[in-house]
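Peer 1: Starting off with a structure, shown below.
The values are calculated or read from the model by the stated rules, or taken from the named source; none is laboratory data. Small disclaimer: the values here were computed from a predicted structure and weren't measured. Positions of Cβ are backbone-derived with ideal geometry, glycine not excepted, and every protein chain shown enters the neighbour counts. We work out accessible area using only protein heavy atoms, side chains counted, and drop any ligands, DNA or RNA first. Shrake-Rupley method; radii C 1.70, N 1.55, O 1.52, S 1.80 Å.
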Amino acid sequence: KKAVKVALEEALSRILTPKQSMDVLREVRACKAKGRPYVAVFVGVNGVGKSTSLSKIAFWLKSQGLKVLLAACDTFRSGAVEQLKTHAARLDVPVYEKGYNKDAASIALDSVKFAAANGFDVVLVDTAGRMQDNEPLMRALSKLVNLNNPDLVLFVGEALVGNDSIDQVTKFNQALKETAYGSGEPRLIDGIMLTKFDTIDDKVGAAVSMVYSTGQPVIFVGVGQTYTDLKKLNVGNIVKLLLR
């Protein structure tokens, strides 16, 4: 029995440990050394808490002494720009925005140019939530990520939805591939952030399935409502939870 448990622990740890290291802070500092801002684009379906998740990461980066710019590229949902501005005011970080019904890909591009010209270390790009089967919106997102070629495309999903989140992340990647903008290799999801991770316990298997199905790591988990409620995924703790 013990041998089986050890084998299971090893297999689960292997799945959850990313194949390539994903150290955001190190990558930010490497970009800074090259004299350009690090760019992260937040993607996902509607209502999973992308803006809040983005704000938590902004708070964390700012606490590391980095200069952060938020880019309001959800030009689709009414109130989205104001929501991001509210977070930004609380965090005391600026927002780059051009209002609504504009081309989100161009706004993202302009925000990165603005950041480079004004000494920002990081640009966090908020995008409109969209269902993975909405082809026009997926095409617009594909344009944004391929035109800007960010350092990180972060898929924000809810830990609570279990197997639905696996379906979402797999189909999101598929849709990004199918609606590829330009002639180069299409940019796909680089990593995952799971929200509401403090409320799941028995649904923690979703994290394993998402990593297994995409091959991409869970980089961050949201564990509460405040800006400090952000953690890196602790593989050992997850494996213990799954096997208890």
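Peer 1: Do you know the relative contact order of segment 36-100, to the nearest whole percent, from alpha carbon pairs under 8 angstrom that are 6+ apart?
Peer 2: 31
Peer 1: Please list, in order along segment 74-81, the HN-Hα scalar couplings obtained from phi with the Karplus expression 6.51 cos²θ - 1.76 cosθ + 1.60 (θ = phi - 60°), rounded to whole Hz, x for Gly and Pro.
Peer 2: Working through the residues one at a time gives 8, 9, 9, 8, 4, x, 5, 5 Hz.
Peer 1: Right, another one. Top to bottom by accessible area (1.4 Å), largest first, where do 2, 67, 232 land?
Peer 2: Accessible-area ranking of 2, 67, 232, largest first: 2, 232, 67.
Peer 1: Apply the Karplus curve 6.51 cos²θ - 1.76 cosθ + 1.60, θ = phi - 60°, to the phi angles in segment 3-12 and return the couplings in whole Hz, x for Gly and Pro.
Peer 2: Along segment 3-12, the couplings run 4, 5, 4, 4, 5, 5, 4, 5, 5, 5 Hz.
Peer 1: How large is ³J(HN,Hα) for each residue in segment 109-124, as worked out from phi by the Karplus curve 6.51 cos²θ - 1.76 cosθ + 1.60 (θ = phi - 60°), to whole Hz, x for Gly and Pro?
Peer 2: 4, 5, 5, 5, 4, 4, 4, 5, 6, 10, x, 7, 8, 9, 10, 9
Peer 1: Would you mind checking segment 60-75 for residues with the amide N under 13 Å from a putative spin-label position 7 Å along Cα→C-beta of residue 102?
Peer 2: Residues 71-75 fall inside that zone.
Peer 1: Run the quick spin-label model on residue 1 and residue 83: label points 7 Å from Cα toward the beta carbon, then report their separation in nm to one decimal.
Peer 2: Rounded to a tenth, the inter-label distance reads 4.8 nm.
Peer 1: Given R₀ = 30 Å, what would the calculated FRET efficiency be for residue 116 paired with residue 177, taking r from the Cβ atoms and rounding to 0.05?
Peer 2: Calculated value: 0.55.
Peer 1: If 26, 139 are ordered by their accessible area, calculated over protein heavy atoms with a 1.4 Å probe, which sequence runs from highest to lowest?
Peer 2: Accessible-area ranking of 26, 139, largest first: 26, 139.
Peer 1: From Cα coordinates alone, what are the radius of gyration and Dmax values for segment 1-132 in angstrom?
Peer 2: Looking at segment 1-132, its Cα Rg and Dmax stand at 17.9, 61 Å.
Peer 1: So what is the relative contact order of the chain, in percent, for Cα pairs below 8 Å that sit 6 or more residues apart? Please report the intermediate quantities before stating the final value.
Peer 2: Details: 449 pairs, mean separation 58.2, N = 244.
Value for the chain: 24 percent.
Peer 1: In vacuum, with every alpha carbon of segment 104-244 counted as one equal point scatterer, what does the Debye formula give for log10 I(q)/I(0) at q = 0.21 Å⁻¹? Two decimals, please.
Peer 2: Per q value, in the given order, log10 I(q)/I(0) is -1.28.
Peer 1: What is the set of long-range amide H partners of residue 75 at a cut-off below 5 Å, with H atoms built 1.01 Å from backbone N?
Peer 2: Amide H to amide H, under 5 Å and 5 or more residues apart or across chains, residue 75 pairs with 128.
Peer 1: Still on this structure, I have one more. Tell me the carbon and sulfur percent of the accessible area for the chain, rounded to whole percent, probe radius 1.4 Å.
Peer 2: 52
Peer 1: Per DSSP H run of n ≥ 4, the term is -39500 (n - 2.57); total these for the chain, divide by its residue number, and report the mean residue ellipticity at 222 nm rounded to 500 deg cm²/dmol.
Peer 2: Theoretical 222 nm ellipticity from helices: -14500 deg cm²/dmol.
Peer 1: If ligands, DNA and RNA are left out, what is the accessible area of residue 235 with a 1.4 Å probe, given in Å² to the nearest 10?
Peer 2: Here the accessible area works out near 30 Å².
Peer 1: According to the Cα gyration tensor, what semi-axes, each the square root of 5 times an eigenvalue, does the equivalent ellipsoid of segment 66-120 have, listed from largest to smallest in whole Å?
Peer 2: 18, 16, 6
Peer 1: Per residue, how much accessible surface does segment 123-171 expose to a 1.4 Å probe? Answer in Å², no decimals.
Peer 2: 35
Peer 1: One-quarter of the Cα convex hull surface for segment 106-186, in nm²?
Peer 2: Taking the Cα atoms of segment 106-186, their convex hull projects to 6.0 nm² on average.
Peer 1: Let me ask something else about it. Hey, if we sort 1, 85, 231 by accessible area with the 1.4 Å probe, largest down, what's the order?
Peer 2: 1, 231, 85
Peer 1: So, one more: What is the distance, in nm, between label points placed 7 Å from the Cα along the Cα-to-Cβ direction at residue 92 and at residue 109?
Peer 2: If labels sit at residue 92 and residue 109, their model points lie 3.5 nm apart.
Peer 1: Rounded to the nearest 20 debye, what is the charge dipole size of the chain about its Cα centre when +1 sits on each Lys and Arg Cβ and -1 on each Asp and Glu Cβ?
Peer 2: Details: 32 positive and 25 negative charges, 125 e Å.
For the chain, the charge dipole is close to 600 debye.
Peer 1: For segment 1-92, report the accessible area per residue in Å² (1.4 Å probe, heavy atoms, rounded to an integer).
Peer 2: For segment 1-92, the per-residue accessible area is 52 Å².
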